[in-house]
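The values are calculated or read from the model by the stated rules, or taken from the named source; none is laboratory data. Computed from a prediction, not measured in an experiment: that's the story for all the values here. Positions of Cβ are backbone-derived with ideal geometry, glycine not excepted, and every protein chain shown enters the neighbour counts. Calculation scope for accessible area: heavy atoms of the full protein, side chains included, ligands and nucleic acids excluded. Shrake-Rupley method; radii C 1.70, N 1.55, O 1.52, S 1.80 Å.
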Amino acid sequence: MTTQGDPRAARRGAAVRADGPAELVGPSHPERHGRVDRGAGDRPAWRLILAGAIAAALAMISEARLGPRDPEVADPSSWWGILPSGQPADTARGVLAATAGLAVIGLCLSWLLLLARARRGTISPRAAGAAALAWAVPFAVGPPLFSRDVYAYAAQGELARHGLDPATHGINSLLSREAGGGLFIAAVDPRWRDTHAPYGGLGVGVERACAALGDLLGTGAAGTVAALRVVALISTVLLVALALRLPGGPRRADQGGRSGRCRSGRTVAIVLALLAANPFVIIHLVGGAHLDALAAALLVAALVIDRGRGTGRAPSWALGATAVAFACLAGSVKATAFLGAGWLVFVHVRDAWHSGPAAATGRPGRRTATIGTALAANTVAAALALLAGMAAGGFGPTWIGALATSGKLETGIAPASVFATLVDLAPRIVGLEWPGDSDAVLGATRALVLAVVGLTVAWLALRTWPARATARPAAQATRPLTPDAVRPTGPEPGRRDDLVVVGFGGMALVLGSPVVYPWYLALSVPFLAALVALAPSPPGRQTRAAVGLIAVTSVWLCLATLSPLAATWRLLGRADPLLGAALVVVLAAVVSAATVPAVRRRTTVRRRTIPAPQPEARTRPR
């Protein structure tokens, strides 16, 4: 007898086909159907969420109680008593540094497990969002940690409030302005007190507005830092919300006739896990209150707007120009965001070349006019955005001359610095010396790495050019095209070239920068997260590369900003060897408790995907 399916088997998660064996489509293969197994997937999720929340709280409290890493730095407030009034003793510092380091490692492990479950489709968007929220709360309410850049932001805003350009004046200039300027200066790392700010007009405008609010409320430096934290929180929420719109989805209409985008639960869970719950977002964008969150939110908004071209809701040239304006506003906060503006101009020229009446007629004049119109609209939009940014900051484009400020320092984890170290050590192995000093070698390697980054971005962009050329069917090859045959269109449905170029190109720019910090990832990870969410199952090489880059760089850079463990090693050296062995056992137990259940669940899922062999039917002899 032929049947289309067995309802009872379907409820058990198996679909019976008439021409073959049953195919499991339930909890074992949730990714095949774009949904999430909420029944089996969310039951143990609260344990992972709780473990990450405990790790986040321990990391915040331990790092806060360590106090400033430089004894010449003083916090402007105790932040509700969380920050200490003085430097802790050497023993306490060793314990706190070790606790903070282990807690950050625990948070990273929790995130990696969450990410693995999101990619398998065994966790719902609600659980992924709850994890991101629970892990971010301790850093949202605690003081700025793992970086003191926000105190530099506050001091630069105070400079701008007094009419001094942060791009041409150091923070020490506040000493000649008012007595309260000493609190701003004391909170800033001494390395940045005489340097100039490399931030654009919009970034300085935000800093000045926060400083003005702190002065209005009479809270001074502490109020300015709190206002900057609020800006970072709002920017991070907008960043995640806009990133969820990047993957898009097929258009659908509800009963009221309104159209929208439908996204699968697995897609949303992946974006939330890769971005919202990412340790660098929680620790540095939320906790560190970096302006990179604002720049990233503006750049993601630019790509979301640009993806609306060709939908008919507004003229394509207007949406494209608006997208360029938002990207330039992002560049007015962080200059590296101009990568997105450059890509948008390139893609508008590319689309103008391959579409529209000019492409249909093949006349060079029409094609040149179409490209000229696109370039003119983009140029006007970029100019207006840059002027608006400078008006917000109150100064001209003086920040361009201060872009080299970050390069005055060196981070040993930057690939350019690692390359310079290897180049400098190579001749010494054979007893030779370089004719120049180490600074010359570092400068050469930085220039070489930046050249490689430029070539990489250019290659990523140029390889998308032929993708827009549409081949004509053979049956229509002899028919002449009319101007109405090809119309201006926006990005094709399902295209991911913008995510590839801005995501991988932004990551190359992060790793190729003279200095590398975790918050630099904000201008790359959102686009790579959307790219992973759009990938089909099983994932391809590009998807695996994106996931690997996000996981490795996020964990690596977060661990690189931990407090020095010199006091911890001194403490362990004075302690009994049994104490060190006990710590190793405890750490191994924690790691095992976090990983073994996940491996066991994954093994169980794999076993359920393989149907057990059915015994042959036996008949009774008559």
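Spot the failing condition for I49; the list is (1) farther than 13 Å from P279 by Cβ; (2) open to solvent by 40 Å² or more (accessible area, probe 1.4 Å); (3) β-branched (V, I, T), and only one is missed.
Only one criterion in (1) farther than 13 Å from P279 by Cβ; (2) open to solvent by 40 Å² or more (accessible area, probe 1.4 Å); (3) β-branched (V, I, T) is unmet by I49, namely (2).
For region 250-284, give me each residue that is more than 21 Å from V141 (Cα to Cα), at pLDDT 50 or above and part of a loop (DSSP other than H, G, I, E, B).
Matches in region 250-284: R263, S264.
State yes or no: is A522 open to solvent by less than 10 Å² (accessible area, probe 1.4 Å) and either modelled with pLDDT of 95 or more or of a type in the set (K, R) (or both)?
Judged against the criteria, A522 is a match.
So, in region 432-464, how many residues would count as being more than 28 Å from the chain's Cα centre (by Cα), part of a helix (DSSP H, G or I) and among the charged types (D, E, K, R)?
Final tally of qualifying residues: 1.
For T195, which of the numbered conditions (1) surrounded by fewer than 21 Cβ atoms within 10 Å (Cβ to Cβ); (2) under 29 Å from the mean Cα position of the chain (by Cα); (3) at pLDDT 90 or above fails to hold?
Every condition holds for T195 apart from (3).
Considering region 412-440 alone, what residues qualify as being touching an Asp or Glu at 6+ places or on another chain (Cβ under 7 Å) and modelled with pLDDT of 85 or more?
Within region 412-440, just S417 meets the criteria.
Considering only region 64-87, state which residues are at positive phi and not hydrophobic (A, V, I, L, M, F, W, C).
Within region 64-87, G67, G81 qualify.
Conditions (1) open to solvent by less than 20 Å² (accessible area, probe 1.4 Å); (2) modelled with pLDDT of 90 or more, marked per residue:
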{"position": "A64", "(1), (2)": "yes, yes"}
{"position": "R69", "(1), (2)": "no, no"}
{"position": "P76", "(1), (2)": "no, yes"}
{"position": "P84", "(1), (2)": "no, yes"}
{"position": "Q87", "(1), (2)": "no, no"}
{"position": "A98", "(1), (2)": "no, yes"}
{"position": "G101", "(1), (2)": "yes, yes"}
{"position": "S124", "(1), (2)": "yes, yes"}
{"position": "A131", "(1), (2)": "yes, yes"}
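Go through region 154-187 and give me each residue that's surrounded by fewer than 24 Cβ atoms within 10 Å (Cβ to Cβ) and part of a loop (DSSP other than H, G, I, E, B).
Selection gives H162, G163, L164, D165, T168, H169, G170, R177, E178, A179, G180.
Name the pairs: first residue in region 367-394 and more than 16 Å from P315 (Cβ to Cβ), second residue among the aromatic types (F, W, Y), Cβ to Cβ under 9 Å, at least 6 apart or on different chains?
Going by the 9 Å Cβ cut-off, the qualifying pairs are R367/W353; I371/W353; A385/F326; G393/Y199; G393/W399.
If we only count helices (runs of 4 or more DSSP H) wholly inside region 493-563, which ones have 3 or more residues that are without any contact (Cβ under 8 Å) to a residue 60 or more places away in the chain?
In region 493-563, 497-512, 541-560 are the helices (runs of 4 or more DSSP H) which contain 3 or more residues that are without any contact (Cβ under 8 Å) to a residue 60 or more places away in the chain.
Being modelled with pLDDT under 95 and open to solvent by 10 Å² or more (accessible area, probe 1.4 Å), is that true of even one residue in region 323-334?
yes
Are any residues in region 387-435 closer than 24 Å to G203 by Cα and open to solvent by 60 Å² or more (accessible area, probe 1.4 Å), and if so, which ones?
L387, A391, P397, I400, G401, L403, A404, K408, E410
Could you tell me whether A154 is closer than 22 Å to L565 by Cβ and either out of contact with any helix residue (DSSP H, G or I) (no Cβ under 7 Å at 6 or more places or on another chain) or touching a residue at least 60 places away in the same chain (Cβ under 8 Å) (or both)?
For A154, the condition - closer than 22 Å to L565 by Cβ and either out of contact with any helix residue (DSSP H, G or I) (no Cβ under 7 Å at 6 or more places or on another chain) or touching a residue at least 60 places away in the same chain (Cβ under 8 Å) (or both) - is not met.
Output the number of residues of region 436-457 satisfying the condition of being open to solvent by less than 50 Å² (accessible area, probe 1.4 Å) and of a type in the set (D, E, K, R).
Number of matching residues: 1.
Which of the residues that make up region 291-329 are of a type in the set (V, I, T), in contact with an Asp or Glu (Cβ under 9 Å, 6 or more places away or on another chain) and farther than 22 Å from V525 by Cα?
Residue satisfying the conditions is T322 alone.
Six or more apart or on different chains, Cβ under 8 Å: which pairs go from a residue in region 213-240 that's touching a residue at least 60 places away in the same chain (Cβ under 8 Å) to one that's among the polar types (S, T, N, Q) and open to solvent by less than 30 Å² (accessible area, probe 1.4 Å)? Could you list them?
Matching pairs, first to second residue: G214/T224.
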